[in-house]
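FYI, it's all coordinate maths here, none of it is from the lab. Here the structure is a predicted model, which is why all the values come from computation and not from measurement. When we count neighbours, we look across all protein chains shown, and the Cβ atoms used for this are built from the backbone with ideal geometry, even at glycine.
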Amino acid sequence: MTKPRVLIIEDERALQEVLTYNLEREGFEVSVASDGQDGVRRARSFEPDVILLDLMLPVIDGLEVCRQLRADAKTQGIRILMLTARSEEVDEIVGFNMGADDYVTKPFKVKPLIHRIKALLRRTMTDQQSREFISIHGIEVDRVNHHAKANGQILDLTPTEFRMLWALARAAGRPFGRNELMDHCRGEDANALERTIDVHIRSLRQKLGELGDVIETVRGVGYRFRGETDAATAIDIPSETR
Ligand code: CA
């Protein structure tokens, strides 16, 4: 499990310290930048899940930082929570439509701020789970158009095989029991018995050709799609603070 990452772009030292202390205590990995330009640089290298972005910053201000982050493919998906000094500035953010995901007005309490950060992380995960398209290890599965490719070649899959590939790939790294796979694959053509899951898996692996080994056998459990990296990549969201 990797820790969720938060980048703080804020020039007030006292605020940097109190935020760093509390976020680290909550299980986040924290990086700090004191001006806008350094903030953009760190966003690219640190690859945070969430950025706490002060509006009034030296060198380049928060709105410009936001614009630059949204214009760069590497950073455009990062959740941004704006920290603003006055409530009037909120109108400015909304008016400029700079793409901040949320904002808090200073002065703010730390606990509610941490709740907002966690809410943003949950939204990120929900977005990923509701994806209709997966591309991993050379395999693409498009649920909208109902087709799958291996190394760019369209695969001729039965509906059961397609559903099985989708279920496994979208939860890459997680093992599925045969019963669970069967539930995912029940459809017009699938009154599959548990042992026929193995038959479908064998056929699916064959059709995936040289990529067939992305579907791994988990002894005593069933099957899983190989994880995105060897280490688990799931974001471990710290439990709610109350
Ligand atoms: Ca400031």
Cα centre as origin, Lys/Arg/Asp/Glu Cβ charges: the range 5-127 dipole, Debye = 460 debye
Please state the Cα pair-distance histogram of the range 5-127 with 10 angstrom bins from zero: what percent is in each bin?
-> 14, 52, 33, 2
Theoretical gain in end-to-end length, R25 to K3 [0.36 nm per residue, Cα-Cα removed] | 6.7 nm
E17 versus A85, label points 7 Å from Cα toward the beta carbon: distance in nm?
-> 2.1 nm
Show the residues, 5+ positions off or on another chain, whose built amide H is closer than 5 Å to the amide H of I80.
-> I51, D101, D102
Could you please report the charge total around N22, scoring K, R as +1 and D, E as -1 over all other residues with beta-carbon less than 11 angstrom from its beta-carbon?
-> 0
Given labels modelled 7 Å from the Cα in the Cβ direction, how far is it in nm from R70 to V218?
-> 4.0 nm
Can you tell me the order of 115-122, 164-171, 141-148 when each peptide is scored by its average per-residue count of other Cβ atoms within 10 angstrom, highest first?
-> 164-171, 115-122, 141-148
Please state, as a whole number in µm²/s, the translational diffusion coefficient that the Stokes-Einstein equation yields for the range 1-75 at 4 °C and 1.567 mPa s, with Rh defined as the Kirkwood radius across alpha carbon pairs.
-> 106 µm²/s
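Taking 0.36 nm per residue of sequence separation and subtracting the Cα-Cα distance, how much length would be gained by fully extending the chain between N179 and N145, in nm to one decimal?
Computed gain between N179 and N145 is 9.6 nm.
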Based on the mean of other Cβ atoms within 10 Å per residue, sort peptides 16-22, 156-162, 51-57 so the most packed one is first.
-> 51-57, 156-162, 16-22
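Take each of the peptides 102-110, 174-182, average the number of other beta-carbon atoms within 10 Å over its residues, and list them starting from the highest. Walk me through the numbers on the way to the answer.
On the way: 102-110: 13.9, 174-182: 17.3.
Highest-to-lowest ranking by the protection proxy: 174-182, 102-110.
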Rg to Rh quotient for the range 132-225, alpha carbon positions, Kirkwood Rh = 0.92
